[in-house]
Every structure is written in C-alpha cells, then in structure tokens.
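Notes for the one structure printed next.
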C-alpha cells in the first residue's frame with residue numbers, strides 16, 4: 001500500500017468519526033492536505049517527533065472527542081518514550097497510527113532502523129500498550145482505524161507528487177481550535 | 001507559606017489545569033501537590049520535549065498547560081518550543097528548577113545552569129526569577145504573559161528560592 005492510500009483511508013475514517021486528526025511533519029501532512037483538507041486536521045510544520053504527544057495531550061484534554069494521530073517510523077523513533085506514556089495514560093478516545101515506510105521519507109529516503117531490525121509494534125507492546133494492531137493492507141487498516149491504542153501500518157517508501165501546504169500556521173491552528181471547540185449546549 | 005505551596009497557589013490562581021512534568025528533587029513537593037489536585041490533569045513525561053508536545057495538544061483542546069522541569073531539560077525542548085509553540089502561537093507556562101547556579105554542589109549541573117538565562121534570552125522567552133514571597137505572583141504574571149503573547153514564558157526557581165522558609 002502506498003502511504004497516500006493509507007492516509008486517505010485515515011482521513012475518511014476521521015471524517016466519519018468527527019475526529020480531530022494530527023498529522024506528522026513533512027510529506028505526510030502534504031499528502032493529507034491534498035487528499036482531504038478539513039479544519040479538524042492539524043498539520044505539523046516543525047517539531048519532528050511531537051505528533052503523538054500533541055495528540056495525547058489533546059485527547060486527555062477532550063475525553064469526549066475522538067483523536068487520531070498519523071505518525072511515521074522516523075518520528076516515533078525520535079520520541080520513543082511516547083509509547084511508554086501512551087501505555088500508561090492513553091485514553092480510549094486516542095489512536096496512534098504509525099505509517100512505517102522504513103525511511104526518512106521527506107529527507108531523501110534514508111533508511112531507519114525499522115528497515116533492518118526494529119519492530120515498532122513489538123516495541124509498543126513491550127512499552128505496555130494494551131491494544132496494538134498491525135494492518136498492512138486497506139482491508140485490515142479500515143477496521144483498525146476504529147480502534148484505540150496503536151496501529152502500525154507498513155507502507156511503501158516514496159512520496160506522492162503533492163504541493164506544499166498553502167496555509168499559514170496561524171490560520172491552521174485558528175481553524176483547528178474552532179473546529180475542536182465543544183458543541184454549544186442546546 | 002512553603003516555597004512549593006506558593007508556586008502551587010500561583011498555578012491554581014492562573015487556572016492551570018494540565019501539567020506535564022519531568023522531576024527535579026526541588027520540585028518533589030510541588031509535584032505531589034499537583035498530582036493530588038483533582039482538577040489538574042498531571043502527566044509525567046519521559047522527556048521535556050515530549051512535555052512541550054503534550055502541553056501544546058492540551059492547549060489546543062482548551063486547557064491551560066504548564067510544564068514542570070529542571071533547567072537541564074530546557075535544552076531537550078528547544079526545537080519544540082520554537083517550531084511548535086512559537087510557530088503556531090501556543091502559550092506555555094514553564095516552571096523551571098534552576099540548578100547549576102550559586103550554591104550548586106553537583107558539577108554536572110553547572111554548564112546548563114550557566115546557559116539557561118542566555119538560552120531564554122536568545123529565544124526571546126520572557127522569564128521571572130522570583131525571590132522570597134514572590135513565587136505565587138511570578139507564576140500568575142508569567143502565565144498571563146504567555147497567554148497574552150501566545151508563546152512560552154518561564155519562571156526560574158534557583159537554589160535560593162527553595163531555601164526560603
């Protein structure tokens with residue numbers, strides 16, 4: 001499966017679940033923006049490694065709202081402690097999707113350790129995450145996107161030819177926060 | 001009032017309701033107060049940078065976040081402070097135990113102790129260095145500045161601060 005196909009599935013799931021979607025730095029955010037832009041998408045433009053943590057803080061702050069994070073193997077390896085924190089504190093409205101293309105895809109596809117020896121699903125389990133799924137095709141990914149915990153999805157290396165995101169950071173966060181607000185009591 | 005209680009009262013007065021932390025021995029009493037408060041979500045983080053991410057997400061979800069850490073951890077979170085909080089305009093209150101200054105017995109604390117204020121100045125992060133009796137007021141003022149300017153603000157608590165009765 002190409003990464004952009006997995007991202008499109010996740011975007012559709014987020015839309016159906018009215019979920020807030022945090023997307024990792026680099027090409028994954030650009031691919032998400034090109035397949036399905038929503039105000040409920042937060043596109044990371046910096047702070048590599050922080051996607052899973054931003055999503056966890058958000059999910060804990062808003063327990064009634066579904067939060068999905070799209071992260072990468074390189075970024076999770078940069079913030080591996082996040083898996084231990086998710087194991088202990090991850091709420092049921094939180095799902096971390098690790099799109100593992102075994103490479104630093106936005107910087108020239110240099111291999112990560114998952115290319116050779118590191119199994120991030122096993123790392124997540126060993127960190128204590130109770131719900132860890134591996135979903136490497138669209139048929140298994142679609143149902144996994146309804147769950148909680150961590151999903152690891154192997155995707156092909158390479159980036160789709162998509163443009164950069166033409167939203168300013170201020171605009172991006174403003175519309176995200178507005179769409180994340182609790183519904184007005186009726 | 002104990003130095004820890006003064007900071008805690010500042011957090012409560014500021015309406016802080018989400019705390020991420022990496023411990024320092026000088027923060028232990030404050031961490032206990034925070035953990036026992038039913039109105040504060042407290043997340044011990046594995047690394048200070050992770051705490052910056054957690055706090056950013058909590059703010060995006062409507063919470064008022066603070067990060068409790070030692071100044072050694074400031075070095076671990078610079079990229080996230082710059083390319084997450086400053087880039088998007090996300091406020092963060094940082095309560096920092098400032099080690100490696102006058103009276104520090106551990107030599108390993110000294111390099112970051114000396115670099116802490118220059119790093120904050122370089123990043124244009126406003127900071128307060130409260131003395132005896134000023135802890136509560138400094139915390140409140142620091143959060144108000146973070147919120148108004150939509151960026152991180154710091155309260156540095158040096159070794160002298162904790163010695164005050």
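What follows is calculated from the coordinates using simple rules that are stated; it is not laboratory data. Because the structure is a prediction, the values reported are computed rather than measured. Backbone-built Cβ (ideal geometry, glycine too); neighbour counts: all protein chains shown.
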Tell me, how many Å apart are the Cα centres for segment B:117-137 and for segment A:91-122?
-> 38 Å
Proxy reagent accessibility, fewest Cβ within 10 Å first, across A:100, A:166 | A:166, A:100
Once you sort the root eigenvalues of the Cα gyration tensor of segment A:3-180 as a ≥ b ≥ c, which label holds: rounded (a/c under 1.5), prolate (a/b larger than b/c) or oblate (the other case)?
-> rounded
Looking only at other chains, what is the average number of their beta-carbon atoms within 10 angstrom of each beta-carbon in B:17-23?
-> 1
How far apart, in nm, are two points set 7 Å out from the Cα along the Cα-to-Cβ line at residue A:142 and at residue B:148?
-> 5.4 nm
Label-to-label distance, nm, for residues given as residue B:29 and residue B:106 (7 Å Cα→Cβ offset) | 1.9 nm
Taking a ≥ b ≥ c as the square roots of the eigenvalues of the Cα gyration tensor, with a/c under 1.5 meaning rounded and otherwise prolate when a/b exceeds b/c and oblate if not, segment B:3-163 is rounded
Residues B:94, A:48, A:131 in order from fewest to most other beta-carbon atoms within 10 Å are A:131, A:48, B:94
Peptide B:78-88 - average C-beta neighbours from other chains (10 Å radius) = 5
What's the exposure ranking of A:113, B:24, going from fewest to most Cβ atoms within 10 Å?
-> A:113, B:24
Expressed as a whole number, the average count of other chain Cβ atoms within 10 Å around the Cβ atoms of B:60-67 is 5
